[in-house]
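Asks: Take a look at this one; I'll ask things after.
The values are calculated or read from the model by the stated rules, or taken from the named source; none is laboratory data. Since we're looking at a predicted model, the values are computed, not measured. Don't worry about glycine lacking a Cβ; one is built from the backbone with ideal geometry, like all the others, and counts go over all protein chains shown.
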Amino acid sequence: MPRILLLFLYLATANPVVAQEIKPRGYFSRDTIQVGEHLDFTMVVEYPRGMEVLFPDSSFNYQPFEFISKSYLNTVSDQSISNDSVVFTLTTFSLDSVQQLALPIFLITDGDSTRIDSNPDDVILQQVITQSVDSLDVKESIGYQQVSKAFNYPYLLIALAALALCALLTAIFFGKEIRRRYKLYRMRKRHVRFLEQFRSLQEEGLESSDKAEHLLGYWKSYLERLEGMPYTKLTTKEIVTLGENQEFKDTLRMLDSNIYGEFRKTDINQLASRLKEFGIDRFAKKIEELKHA
(Lines give C-alpha, C1' and ligand atoms only; values in the text may rest on other atoms or scores of the structure.)
Protein backbone atom coordinates (compact mmCIF):
# COMPACT_ATOMS: atom_id res chain seq x y z
CA MET A 1 0.00 0.00 0.00
CA PRO A 2 2.73 2.59 0.79
CA ARG A 3 4.40 1.86 -2.59
CA ILE A 4 1.17 2.66 -4.49
CA LEU A 5 0.84 5.91 -2.55
CA LEU A 6 4.43 6.92 -3.37
CA LEU A 7 3.88 6.18 -7.10
CA PHE A 8 0.73 8.32 -7.10
CA LEU A 9 2.54 11.20 -5.42
CA TYR A 10 5.38 11.00 -7.97
CA LEU A 11 3.02 11.17 -10.94
CA ALA A 12 1.12 14.10 -9.41
CA THR A 13 4.29 16.12 -8.88
CA ALA A 14 6.29 15.14 -12.01
CA ASN A 15 4.73 17.66 -14.41
CA PRO A 16 5.25 20.71 -12.16
CA VAL A 17 8.88 19.72 -11.72
CA VAL A 18 9.38 19.42 -15.47
CA ALA A 19 7.54 22.72 -16.04
CA GLN A 20 9.88 24.48 -13.61
CA GLU A 21 12.85 23.30 -15.63
CA ILE A 22 11.48 24.67 -18.96
CA LYS A 23 12.38 28.35 -19.39
CA PRO A 24 11.19 29.91 -22.70
CA ARG A 25 13.20 32.95 -23.79
CA GLY A 26 11.74 35.90 -25.71
CA TYR A 27 13.41 38.94 -27.26
CA PHE A 28 12.70 41.70 -29.78
CA SER A 29 14.70 41.95 -33.00
CA ARG A 30 15.65 45.57 -32.23
CA ASP A 31 15.44 48.12 -29.43
CA THR A 32 13.24 50.81 -31.01
CA ILE A 33 10.02 50.96 -33.03
CA GLN A 34 7.83 53.62 -34.62
CA VAL A 35 4.03 53.63 -34.51
CA GLY A 36 2.63 51.21 -37.10
CA GLU A 37 6.02 49.68 -37.87
CA HIS A 38 6.50 45.89 -37.99
CA LEU A 39 8.70 44.27 -35.34
CA ASP A 40 9.78 40.65 -34.77
CA PHE A 41 9.57 38.96 -31.36
CA THR A 42 11.42 35.62 -31.24
CA MET A 43 10.68 32.86 -28.74
CA VAL A 44 13.06 29.98 -28.09
CA VAL A 45 12.29 27.05 -25.79
CA GLU A 46 14.08 23.82 -24.87
CA TYR A 47 12.09 20.90 -23.45
CA PRO A 48 12.42 17.11 -23.01
CA ARG A 49 12.10 15.28 -26.28
CA GLY A 50 8.70 13.66 -26.77
CA MET A 51 6.71 16.35 -24.96
CA GLU A 52 4.16 18.54 -26.78
CA VAL A 53 4.58 22.33 -26.63
CA LEU A 54 2.15 24.90 -28.10
CA PHE A 55 2.80 28.57 -28.86
CA PRO A 56 0.24 31.43 -28.91
CA ASP A 57 -1.81 31.84 -32.09
CA SER A 58 -3.53 34.84 -33.74
CA SER A 59 -6.35 34.84 -31.16
CA PHE A 60 -3.97 35.51 -28.24
CA ASN A 61 -3.94 38.96 -26.63
CA TYR A 62 -0.57 40.54 -27.48
CA GLN A 63 -1.29 43.91 -25.83
CA PRO A 64 0.09 46.53 -26.23
CA PHE A 65 1.02 45.00 -29.58
CA GLU A 66 -1.11 43.66 -32.44
CA PHE A 67 -0.50 40.36 -34.18
CA ILE A 68 0.54 40.36 -37.85
CA SER A 69 1.89 36.86 -38.50
CA LYS A 70 4.18 34.15 -37.16
CA SER A 71 6.67 31.70 -38.63
CA TYR A 72 8.19 28.51 -37.26
CA LEU A 73 11.81 27.43 -37.49
CA ASN A 74 12.61 23.75 -37.80
CA THR A 75 12.72 21.81 -34.52
CA VAL A 76 16.26 20.77 -33.52
CA SER A 77 16.49 17.62 -31.35
CA ASP A 78 19.12 15.33 -29.87
CA GLN A 79 18.56 12.15 -27.91
CA SER A 80 16.93 13.92 -24.95
CA ILE A 81 16.24 17.62 -25.72
CA SER A 82 14.20 19.39 -28.41
CA ASN A 83 14.60 23.04 -29.34
CA ASP A 84 11.80 25.11 -30.95
CA SER A 85 11.91 28.69 -32.24
CA VAL A 86 8.98 30.86 -33.36
CA VAL A 87 9.14 34.40 -34.79
CA PHE A 88 6.08 36.62 -34.18
CA THR A 89 5.67 39.67 -36.42
CA LEU A 90 3.88 42.41 -34.45
CA THR A 91 3.05 46.09 -34.66
CA THR A 92 1.95 48.72 -32.17
CA PHE A 93 -0.21 51.83 -32.16
CA SER A 94 0.28 52.55 -28.49
CA LEU A 95 2.03 55.84 -27.62
CA ASP A 96 3.75 54.57 -24.46
CA SER A 97 7.43 55.41 -24.59
CA VAL A 98 8.46 51.96 -23.29
CA GLN A 99 6.45 48.88 -24.24
CA GLN A 100 6.95 45.41 -22.82
CA LEU A 101 5.97 41.93 -23.94
CA ALA A 102 6.20 38.41 -22.50
CA LEU A 103 4.58 35.46 -24.24
CA PRO A 104 3.69 32.04 -22.83
CA ILE A 105 4.05 28.50 -24.07
CA PHE A 106 1.63 25.71 -23.18
CA LEU A 107 2.96 22.33 -22.08
CA ILE A 108 0.48 19.58 -22.97
CA THR A 109 0.46 16.46 -20.75
CA ASP A 110 -2.33 13.89 -20.35
CA GLY A 111 -4.88 16.17 -22.01
CA ASP A 112 -4.07 19.06 -19.67
CA SER A 113 -1.99 22.17 -20.34
CA THR A 114 0.50 24.04 -18.18
CA ARG A 115 1.25 27.69 -19.00
CA ILE A 116 4.88 28.83 -18.79
CA ASP A 117 5.65 32.51 -19.43
CA SER A 118 8.81 33.75 -21.10
CA ASN A 119 10.98 36.52 -19.74
CA PRO A 120 9.68 40.03 -20.63
CA ASP A 121 11.53 42.21 -23.14
CA ASP A 122 11.24 45.96 -23.68
CA VAL A 123 11.17 48.10 -26.81
CA ILE A 124 11.39 51.90 -26.93
CA LEU A 125 8.89 53.88 -29.01
CA GLN A 126 10.70 56.28 -31.31
CA GLN A 127 8.82 59.57 -31.33
CA VAL A 128 8.34 61.07 -34.79
CA ILE A 129 6.77 64.27 -33.44
CA THR A 130 8.94 65.45 -30.59
CA GLN A 131 7.08 68.72 -30.07
CA SER A 132 4.00 68.86 -27.87
CA VAL A 133 0.78 68.72 -29.87
CA ASP A 134 -0.66 71.60 -27.86
CA SER A 135 2.24 73.84 -28.88
CA LEU A 136 1.87 73.17 -32.62
CA ASP A 137 0.38 75.90 -34.80
CA VAL A 138 -2.45 73.83 -36.29
CA LYS A 139 -4.94 75.53 -38.59
CA GLU A 140 -8.41 74.16 -39.05
CA SER A 141 -9.70 73.98 -42.60
CA ILE A 142 -13.17 72.97 -43.75
CA GLY A 143 -12.60 73.99 -47.36
CA TYR A 144 -13.30 71.52 -50.15
CA GLN A 145 -10.23 69.58 -51.19
CA GLN A 146 -10.18 68.10 -54.67
CA VAL A 147 -9.25 64.42 -54.50
CA SER A 148 -8.59 62.42 -57.64
CA LYS A 149 -10.97 59.52 -58.10
CA ALA A 150 -9.70 56.00 -58.60
CA PHE A 151 -10.38 54.63 -62.07
CA ASN A 152 -12.95 51.82 -62.05
CA TYR A 153 -11.30 49.18 -64.24
CA PRO A 154 -13.99 46.49 -63.69
CA TYR A 155 -16.63 48.88 -65.10
CA LEU A 156 -14.33 49.62 -68.04
CA LEU A 157 -13.95 45.91 -68.82
CA ILE A 158 -17.72 45.40 -68.57
CA ALA A 159 -18.32 48.34 -70.91
CA LEU A 160 -15.76 47.06 -73.43
CA ALA A 161 -17.31 43.58 -73.33
CA ALA A 162 -20.78 45.07 -73.91
CA LEU A 163 -19.49 47.14 -76.84
CA ALA A 164 -17.80 44.08 -78.34
CA LEU A 165 -21.04 42.08 -78.00
CA CYS A 166 -23.07 44.88 -79.64
CA ALA A 167 -20.53 45.11 -82.47
CA LEU A 168 -20.68 41.35 -83.01
CA LEU A 169 -24.49 41.30 -83.10
CA THR A 170 -24.55 44.30 -85.44
CA ALA A 171 -22.10 42.58 -87.78
CA ILE A 172 -24.19 39.38 -87.77
CA PHE A 173 -27.60 40.97 -88.41
CA PHE A 174 -26.73 44.19 -90.27
CA GLY A 175 -23.23 43.59 -91.63
CA LYS A 176 -24.26 43.20 -95.27
CA GLU A 177 -26.40 46.34 -95.26
CA ILE A 178 -23.70 48.35 -93.50
CA ARG A 179 -21.09 47.27 -96.06
CA ARG A 180 -23.45 48.15 -98.93
CA ARG A 181 -24.17 51.60 -97.52
CA TYR A 182 -20.49 52.23 -96.90
CA LYS A 183 -19.66 51.26 -100.46
CA LEU A 184 -22.34 53.63 -101.78
CA TYR A 185 -20.88 56.41 -99.63
CA ARG A 186 -17.36 55.80 -100.98
CA MET A 187 -18.59 55.67 -104.58
CA ARG A 188 -20.46 58.99 -104.23
CA LYS A 189 -17.45 60.61 -102.61
CA ARG A 190 -15.10 59.45 -105.39
CA HIS A 191 -17.60 60.59 -108.04
CA VAL A 192 -17.80 64.11 -106.61
CA ARG A 193 -14.00 64.25 -106.56
CA PHE A 194 -13.92 63.01 -110.19
CA LEU A 195 -16.30 65.73 -111.37
CA GLU A 196 -14.36 68.45 -109.56
CA GLN A 197 -10.99 67.31 -110.93
CA PHE A 198 -12.34 66.78 -114.45
CA ARG A 199 -13.87 70.27 -114.48
CA SER A 200 -10.61 71.70 -113.17
CA LEU A 201 -8.62 70.07 -115.97
CA GLN A 202 -11.09 71.42 -118.55
CA GLU A 203 -10.94 74.93 -117.12
CA GLU A 204 -7.15 74.93 -117.23
CA GLY A 205 -7.50 74.59 -120.99
CA LEU A 206 -6.90 71.78 -123.45
CA GLU A 207 -4.60 73.72 -125.76
CA SER A 208 -2.30 70.79 -126.52
CA SER A 209 -2.49 67.08 -127.18
CA ASP A 210 -0.51 66.40 -123.97
CA LYS A 211 -3.20 68.02 -121.81
CA ALA A 212 -5.92 66.19 -123.69
CA GLU A 213 -4.05 62.89 -123.20
CA HIS A 214 -3.72 63.65 -119.46
CA LEU A 215 -7.49 64.28 -119.24
CA LEU A 216 -8.21 60.99 -121.04
CA GLY A 217 -5.88 59.12 -118.66
CA TYR A 218 -7.64 60.59 -115.62
CA TRP A 219 -11.03 59.56 -117.04
CA LYS A 220 -9.75 56.00 -117.64
CA SER A 221 -8.43 55.68 -114.05
CA TYR A 222 -11.81 56.75 -112.64
CA LEU A 223 -13.74 54.27 -114.83
CA GLU A 224 -11.25 51.53 -113.94
CA ARG A 225 -11.89 51.99 -110.21
CA LEU A 226 -15.65 52.37 -110.71
CA GLU A 227 -16.20 49.26 -112.82
CA GLY A 228 -13.17 47.11 -112.02
CA MET A 229 -12.08 47.04 -115.67
CA PRO A 230 -8.41 47.70 -116.66
CA TYR A 231 -9.15 50.82 -118.74
CA THR A 232 -5.70 52.34 -118.11
CA LYS A 233 -4.03 49.28 -119.63
CA LEU A 234 -6.27 49.10 -122.71
CA THR A 235 -5.89 51.01 -125.96
CA THR A 236 -8.78 52.94 -127.47
CA LYS A 237 -9.27 50.17 -130.02
CA GLU A 238 -9.54 47.59 -127.21
CA ILE A 239 -11.94 49.73 -125.18
CA VAL A 240 -14.44 50.21 -128.04
CA THR A 241 -14.71 46.43 -128.42
CA LEU A 242 -16.20 46.12 -124.90
CA GLY A 243 -19.73 46.54 -126.31
CA GLU A 244 -20.65 50.12 -125.30
CA ASN A 245 -23.03 52.27 -127.38
CA GLN A 246 -22.00 53.72 -130.73
CA GLU A 247 -21.80 57.31 -129.49
CA PHE A 248 -19.25 56.26 -126.89
CA LYS A 249 -17.19 54.39 -129.48
CA ASP A 250 -17.25 57.36 -131.87
CA THR A 251 -16.24 59.75 -129.10
CA LEU A 252 -13.19 57.68 -128.15
CA ARG A 253 -12.11 57.24 -131.78
CA MET A 254 -12.38 60.97 -132.50
CA LEU A 255 -10.56 61.86 -129.28
CA ASP A 256 -7.79 59.39 -130.07
CA SER A 257 -7.47 60.81 -133.59
CA ASN A 258 -7.36 64.35 -132.23
CA ILE A 259 -4.61 63.52 -129.72
CA TYR A 260 -2.35 61.47 -131.98
CA GLY A 261 -3.31 63.12 -135.29
CA GLU A 262 -4.33 66.65 -136.26
CA PHE A 263 -5.16 68.57 -133.05
CA ARG A 264 -8.34 70.69 -133.17
CA LYS A 265 -9.04 72.65 -129.97
CA THR A 266 -12.75 73.22 -130.69
CA ASP A 267 -13.41 69.53 -131.14
CA ILE A 268 -11.38 68.44 -128.07
CA ASN A 269 -13.54 70.44 -125.63
CA GLN A 270 -16.73 68.93 -127.00
CA LEU A 271 -15.28 65.42 -126.87
CA ALA A 272 -14.12 65.91 -123.28
CA SER A 273 -17.64 66.91 -122.25
CA ARG A 274 -18.97 63.70 -123.79
CA LEU A 275 -16.45 61.68 -121.77
CA LYS A 276 -17.64 63.34 -118.59
CA GLU A 277 -21.27 62.60 -119.42
CA PHE A 278 -20.40 58.97 -120.04
CA GLY A 279 -18.67 58.80 -116.65
CA ILE A 280 -21.78 60.24 -114.98
CA ASP A 281 -23.97 57.71 -116.78
CA ARG A 282 -21.77 54.76 -115.73
CA PHE A 283 -21.79 56.03 -112.12
CA ALA A 284 -25.63 56.17 -112.07
CA LYS A 285 -25.85 52.60 -113.41
CA LYS A 286 -23.38 51.28 -110.80
CA ILE A 287 -25.36 52.98 -108.03
CA GLU A 288 -28.58 51.29 -109.17
CA GLU A 289 -26.83 47.91 -109.39
CA LEU A 290 -25.50 48.25 -105.86
CA LYS A 291 -28.85 49.37 -104.43
CA HIS A 292 -30.56 46.25 -105.76
CA ALA A 293 -27.73 43.85 -105.02
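Asks: Against the condition closer than 30 Å to Ile178 by Cβ and small (Gly, Ala, Ser), how does Ser273 come out, does it pass?
Replies: It is false that Ser273 is closer than 30 Å to Ile178 by Cβ and small (Gly, Ala, Ser).
Asks: Kindly indicate which of Phe28, Phe55 is under 13 Å from Leu101 (Cα atoms) and in the same structural domain as Phe93 (by TED's automatic domain parsing).
Replies: On the way: Phe55 fails: under 13 Å from Leu101 (Cα atoms).
The unique qualifying residue is Phe28.
Asks: Shifting gears a bit: For the range 244-262, give me each residue that is surrounded by fewer than 16 Cβ atoms within 10 Å (Cβ to Cβ) and either at pLDDT 85 or above or over 60 Å from the mean Cα position of the chain (by Cα) (or both).
Replies: Those that are surrounded by fewer than 16 Cβ atoms within 10 Å (Cβ to Cβ) and either at pLDDT 85 or above or over 60 Å from the mean Cα position of the chain (by Cα) (or both): Asn245, Gln246, Glu247, Asp250, Arg253, Ser257, Tyr260, Gly261, Glu262.
Asks: Checking Arg181 against (1) more than 29 Å from Gly228 (Cα to Cα); (2) surrounded by 11 or more Cβ atoms within 10 Å (Cβ to Cβ), which test does it fail?
Replies: All conditions are met except number (1).
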